[in-house]
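The values are calculated or read from the model by the stated rules, or taken from the named source; none is laboratory data. Since we're looking at a predicted model, the values are computed, not measured. FYI the Cβ positions are ideal-geometry reconstructions off the backbone, even for glycines, and counts take in every protein chain you see. Protein only, heavy atoms only, side chains kept; ligands, DNA and RNA dropped before computing areas. Shrake-Rupley method; radii C 1.70, N 1.55, O 1.52, S 1.80 Å.
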Amino acid sequence: MKILLEVLITGLLMGGLYALISVGLSLQYGVARILNISHGEFIMLGGMTTWALYTALHISPLLALAICGPLALGLGYLIHRTLFKRLLDRAPSFAVFEGNSMLAAFGLMFILQNIALIAWGAEIRGYSYLSIPVHFLGTLFGANRLLTFGIALAIGLAFYLFLNLTRTGKAIRAAAQDPATAGLMGVNINNVLALCFGLGAAMASVAGVLISMCYPVHASMGLEYTVIAIIVVVLGGLGSIPGSFLGGFILGLVGSIVTFLEPGLALVAYYIIFIVLLLIRPTGLLGR
Amino acid sequence: MLEIRDLNAFYGKLQVLWNVSLQVREGEIVAIVGSNGAGKTTLLHSILGLVRPASGSVTFLGRRIDGLPSYAIAEMGVTVVPEGGRVFPEMSVRENLEMGAYPHRAWERRKEALKYVYQLFPRLKERERQLARTLSGGERQMLAIGRALMSRPKLCLFDEPSYGLAPVMVKEIFEIIQKIREQGVTVLLVEQNVRRALEIADRAYVLENGRICMEGECAELLESDHIKKAYLGM
């Protein structure tokens, strides 16, 4: 019984991180129409940077959050303005743009990954932060796990409120539903698309910081998280933040249960969920 | 207020507008009428920055606006009620209206504007929290008009406002367009329903095959043989 509880809580804690990763991708694909294969690389960059800051300069990972988030936001915004904006201008239709932008994102993935390999090498890195055991519902968990979960939830909630309550947030939602009409209402679409890509990158890198607080990181960790994010986004329903959280929790739970039974099969289980879902409900659980 | 000179525009390689010139003076309702495929929508889109004209100019309040992006034109006080409404389906009625107030000069005073729009369309107030996709066709059209008014426009374009609506609804929409003009908003109306359009407008331009073939006071146009034969079925 205690073991079961432990497995479930582990799954939920993992799910919070998965959700955060997926909200970012959902934004990039749902609004900016970029299936960002390089999404995981921003997670990796966040994680590796945090490790480097912590080991070389003793900068706290919490401070790294405040450094990596804005940096990734700026980098993502710039990448959209220079690379994806040009692809969008040249593409005769959104369908063509989706294809081209995915290929460009593939290229971006290799570039970012190789820069990281040159800078930090291929070794698996880790550091220990707040790994003090804490009693939680009768089980023991690292304080770092609980902290990262809380931060992931808080960021998700803050972002949800941003989209629903602010002028810019509403412009993002309007642009997702009908970009041309949003433009006629006064929304600068190119700005909104670049902002969405930047925000997606920022959430990925923040998730990377949080991941590095609990798990080892390395330069080629990105793709696995990209795959997870894609599965969660499809599972929850594209463009739905509550959907991303629901999908993240489900995948986290499944992952933790399967890992408990047979550690090697977690990724296989993810793919099985993905395929079954595409067959039964391709719009996702909360998608329309 | 709005002046278009010698406008030529293409759709792909096909020329859609040929040397179109027209003007709209402050406080007027001007109609652009013509059959399907005459180039009405392309003309509207060149005013709104959605189509880049090949040559010619569009001037609004003395400033060239051809070549400007849509959002900049919206900031200047030009708004549109698009064909079919084009409301944001996954946003509530209220949020749709708030999106109308997106331009900076309108955003600060959006609460006031909201009151005015709800007064004009009590039905929108009742459905404030409903998602726009659950509205009927007529209600969507009202929402689109309300959204346009939220921007405190100087010039409001209407793209086929009667299209697909029941006759009762059409009558209501046209009454509202007149009311909007009384509030000081200049109106440019694009319509296939030629009779209705000529009844409420001051002046009209007739667009055929991408060229303006007739223009003048609506009362005169309604008496012309060509209009009677080609558009009014008389």
Please enumerate the residues belonging to the stretch B:102-115 that are at the interface with chain A (Cβ under 7 Å from one of its Cβ atoms) and more than 21 Å from the chain's Cα centre (by Cα).
B:W107
So which residues in the stretch A:129-168 are more than 19 Å from the chain's Cα centre (by Cα) and within 14 Å of another protein chain (Cβ to nearest Cβ)?
A:N164, A:L165, A:T166, A:R167, A:T168
Would you pick out the residues in the stretch A:136-145 that are surrounded by 16 or more Cβ atoms within 10 Å (Cβ to Cβ) and either at pLDDT 90 or above or part of a helix (DSSP H, G or I) (or both)?
A:N144, A:R145
Go over the candidates B:E139, B:E191, B:E182 one by one and state the one that is open to solvent by 10 Å² or more (accessible area, probe 1.4 Å) and either in contact with a helix residue (DSSP H, G or I) (Cβ under 9 Å, 6 or more places away or on another chain) or in the same structural domain as B:R25 (by TED's automatic domain parsing) (or both).
B:E139
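Just for the stretch A:88-103: of the residues that are aliphatic (A, V, I, L, M) and in contact (Cβ under 8 Å) with a residue 60 or more places away in the chain, which one is nearest to A:L223 (Cα to Cα)?
Of everything passing the filter in the stretch A:88-103, A:M102 is nearest to A:L223 (Cα to Cα).
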What do you reckon, is A:I172 within 14 Å of chain B (Cβ to nearest Cβ), closer than 15 Å to A:Q28 by Cβ and among the hydrophobic types (A, V, I, L, M, F, W, C)?
yes
Taking the condition of being within 18 Å of the chain's Cα centre (by Cα), surrounded by fewer than 19 Cβ atoms within 10 Å (Cβ to Cβ) and touching a residue at least 12 places away in the same chain (Cβ under 8 Å), how many residues in the stretch A:51-68 meet it?
1
Exactly one of (1) crowded, with 20+ Cβ neighbours inside 10 Å; (2) farther than 24 Å from B:N19 by Cα; (3) away from every other protein chain (no Cβ under 14 Å) is unmet by B:M99. Its number?
(3)
Of all helices (runs of 4 or more DSSP H) completely enclosed by the stretch A:207-288, which ones contain at least 2 residues that are in contact (Cβ under 8 Å) with a residue 60 or more places away in the chain?
A:222-236, A:241-261
Being in a helix (DSSP H, G or I), among the β-branched types (V, I, T) and either farther than 23 Å from B:D159 by Cα or within 7 Å of another protein chain (Cβ to nearest Cβ) (or both) is the filter here, so list the residues in the stretch B:70-96 that pass it.
none
Among residues of the stretch B:12-34, those that are within 14 Å of B:A204 (Cα to Cα) and surrounded by 14 or more Cβ atoms within 10 Å (Cβ to Cβ), counted
12
